1. Filter segment 602-623 down to the residues that are closer than 17 Å to Leu533 by Cβ and either open to solvent by 30 Å² or more (accessible area, probe 1.4 Å) or among the basic types (Lys, Arg) (or both) and list them by number.
2. Got a sec? Which of Leu292, Leu270, Leu263 is modelled with pLDDT of 90 or more and either among the hydroxyl-bearing types (Ser, Thr, Tyr) or open to solvent by less than 20 Å² (accessible area, probe 1.4 Å) (or both)?
3. Check whether at least one residue in segment 310-324 is under 28 Å from Gly251 (Cα atoms), at pLDDT 85 or above and open to solvent by 50 Å² or more (accessible area, probe 1.4 Å), and report yes or no.
4. Can you find a residue in segment 383-394 that is at pLDDT 90 or above and under 22 Å from Ala546 (Cα atoms)?
5. Sort through Ala654, Ala643 and tell me the only one that's within 26 Å of Ser576 (Cα to Cα), open to solvent by less than 50 Å² (accessible area, probe 1.4 Å) and within 30 Å of the chain's Cα centre (by Cα).
6. Considering segment 519-556 alone, what residues qualify as being under 20 Å from Pro624 (Cα atoms) and part of a loop (DSSP other than H, G, I, E, B)?
7. Name every residue in segment 415-432 that is in a helix (DSSP H, G or I), hydrophobic (A, V, I, L, M, F, W, C) and more than 12 Å from Ile354 (Cα to Cα), in order of residue number.
8. Looking at the structure I just gave you, is Pro188 under 30 Å from Phe416 (Cα atoms) and either at pLDDT 70 or above or assigned to a loop (DSSP other than H, G, I, E, B) (or both)?
Amino acid sequence: MVRLSRLVTSSWGDSRIARARGSGLARVPRPARQEALPQARLSAWPRPGERSRCLASLMHRLSCALLRALARAPLLRQPPGPGRLLPAALRPGSPGGLSTRPRREPPAAPQRPAAQGPGGEEEQFVFPEYVPEPGPTPAREPPAAPGRPERRPREKRQHRVTGRPDPSVPPSGVSCSGCGAELHCRDPAVPGYLPSEKYRSLMEARRALQGVVCQRCWLLVHHQQALHMQVSREQYRNLVSAALRSPPRHGRRPLVLYMVDMLDLPDSVLQDLPQLVGAGSNILVVGNKVDLLPGDSPDYLKRFRKQLLRSCARVGILPAAQGSGGQVGRPGSQNLVDVHLISAKTGYGVEELISKLQRSWKCNGDVYLVGATNSGKSTLFNTLLQSDYCKSKAPEVINRATISPWPGTTLNLLKFPIINPTSDRLFRRQERLKADAEKTEEQLSDDEQKYLKCLKKQGYLIGRVGRTFQQQKSKAVIDFDPDELSFNMEEEPVFSSNKPKERVEFTYNELKDARWFFDTPGIVKENCVLNLLTEKEVKLVLPTHAIVPRTFVLKPGMVLFLGALGRIDYLQGAKSSWFSVVASNLLPVHVTTLEKADSVYQKHAGKTLLKVPIGGEERMKEFPPLIPQEITLEGIGTLEAVADIKLSSAGWVAITAHLEDKLQLRAYTPEGTTLMIRKPPLLPHIVDIKGNRIRGSASYRTKKPPPLVENLKANGTNKQINKRVSKI
């Protein structure tokens, strides 16, 4: 308070001296000035109209001085116990206390001792309700910048899995609504596990396990944390094969909806699929994730369809006409019903797929969704659950499947009942589709516009999946009981809690002759790089947003790294060639020379530059080494790629070279994974999707094509794109 009074006195004195200077007293000699000071005080006293301005100036100077003092005062470190000390800036007599004058101290200058009590001991100013506990002194951190508060780094903690198993409790017989595994509390390594404490509390309530998810699904959805389960590849195959080879329920074999990941073509087409589904099965092939690939030419979707048919033919999945006509001599060939290109995430092509299923397959039998891991089966299951393909009550009765980038999310069969496509329902659905196609984006609701805007950032092709047949919701009935509201003066008023929402269930007649749509567990692919990665690394490698191609021009003697998962050496060639990378946008690409390539990998593998794998030297000790493979290609022109070098499931690199230029390359992938040369390439004109070359660099600026919304009236160039896609 003494220092604050000095500040007030000095501030008021400065203002009087300034007024004295204005009245001519500033030119008086020093002795005479001291004699004339009382007269100056009388003349410098502020007039009534100026007192408010002087007071405002005084308060401004006072606040500035307080802020400067607080900024210079260091805060005390908090002890590890529950006690808390006052900051040094608020301690009376402390070196960092309030001061009215700027104080310059060197960083290493010793501070004055704190205030001491009568006995010579250091006086501690603490809050009376907290008592400090002795503990280790925390490590000193570098001071923050002047004028800025110190920031404490936020540590991203991993969710701790708690709970204990109880092998004595029998299984529940109820399936997890997320992955389909049977709920139990016996072994955490078995799918469907719940901690015994949670399991018992749920079993006490009647029908409480209906709609409950297991611990694994909960961690996947809410904490993006995967628990490793003891489920082998053979168990997956046996489960799917037993479901597909079961006796027909309605006198007809089920329809197999085989989903293929277009980003992993042709590895996502399983070689043992004919033995898995059985001979003579009807298969409808669905190419998923076309929304993530950019269009390199007007007919790129038609090319995708041809590539998908060619990949299916290699494993014996052929159209019914060819299988019966004898053009294919492979025994046990399957009947290929049709091929569709969709995006289960953005909804592109899903309405057309539903129309195809309702017109051709109708309700003749069950439908099984089959495919490799991470092909998007559970995403399509959830999309169809909110569409015209399921019964109108199904979205309220059946929970959505768990979706995660971690391979093998679904562990058992999930299902919903298929709606019977009568002629009246097909007519009403067709009328809704026509009405939706006439709408413009401005005519949509605010929620639909926000949803489309979000999808445009995630993919190139977007669709709108609607519902024609919806369950009519009954009006809410308010239960009024006057006895619950009445009480006498001797009783405490008791307010009843909210009643639990009644769960909607199917009746027996609704499911008596129903056909079902099943989501099966994904078949684990062999020799896949995803099997070697952790959950954090899988999130970086698997693309979830539209892929932006990255093009580089390399000379002989240069090397391209795709993270630490792949490497391509340009050994020999007459001219420079273009290398276009199609992979996740989060996976880094690094270009160096052949002489530095080995040292770059040894120094930066597992670190920030190459990013994947994550974990430094300890992680790279257990990661398999890169195995080389020699490749020879011959260029076909600067406008078209000659081949794709597919680095397992991490992505691929399209090679574009001059006409008749022979290239000698060496490609590397981790040991135990597959490296493939894909001819013809999936995107042969991808070299055109690039910007200008960056000066002094081997890379070009990226360019992202605009997105396209299906079933929506558009203007300008989008009309031509819509017509082209509808023809395809």
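1. To start, the set of residues in segment 602-623 that are closer than 17 Å to Leu533 by Cβ comprises 605-607, 610-616, 618-623.
Residues satisfying the conditions are Lys607, Lys611, Ile614, Gly615, Glu618, Arg619, Met620, Lys621, Glu622.
2. On the way: Leu270 fails: modelled with pLDDT of 90 or more; Leu263 fails: either among the hydroxyl-bearing types (Ser, Thr, Tyr) or open to solvent by less than 20 Å² (accessible area, probe 1.4 Å) (or both).
Of the residues listed, the single one that is modelled with pLDDT of 90 or more and either among the hydroxyl-bearing types (Ser, Thr, Tyr) or open to solvent by less than 20 Å² (accessible area, probe 1.4 Å) (or both) is Leu292.
3. Taking every residue of segment 310-324 in turn, none turns out to be under 28 Å from Gly251 (Cα atoms), at pLDDT 85 or above and open to solvent by 50 Å² or more (accessible area, probe 1.4 Å).
4. Yes: segment 383-394 contains one or more residues that are at pLDDT 90 or above and under 22 Å from Ala546 (Cα atoms).
5. Values: Ala643 fails: within 30 Å of the chain's Cα centre (by Cα).
When all the criteria are applied, what remains is Ala654.
6. Quick first cut of segment 519-556, residues under 20 Å from Pro624 (Cα atoms) only: 524-542.
Listed by number, the residues that qualify are Val524, Lys525, Glu526, Asn527, Cys528, Leu533, Thr534, Leu542.
7. Let us first name the residues in segment 415-432 that are in a helix (DSSP H, G or I), namely 423-432.
Cutting the leftovers down to hydrophobic (A, V, I, L, M, F, W, C) gives us 426-427.
Scanning segment 415-432 gives a single hit, Phe427.
8. Spelling it out, Pro188 is indeed under 30 Å from Phe416 (Cα atoms) and either at pLDDT 70 or above or assigned to a loop (DSSP other than H, G, I, E, B) (or both).
The values are calculated or read from the model by the stated rules, or taken from the named source; none is laboratory data. Quantities reported herein were computed from a predicted structural model and do not represent experimental measurements. Heads up, the Cβs are rebuilt from the backbone with ideal geometry, glycines too, and the neighbour counts pull from every protein chain shown. For the accessible areas, the whole protein counts, side chains as well, though only heavy atoms, and no ligand, DNA or RNA atoms are used. Shrake-Rupley method; radii C 1.70, N 1.55, O 1.52, S 1.80 Å.
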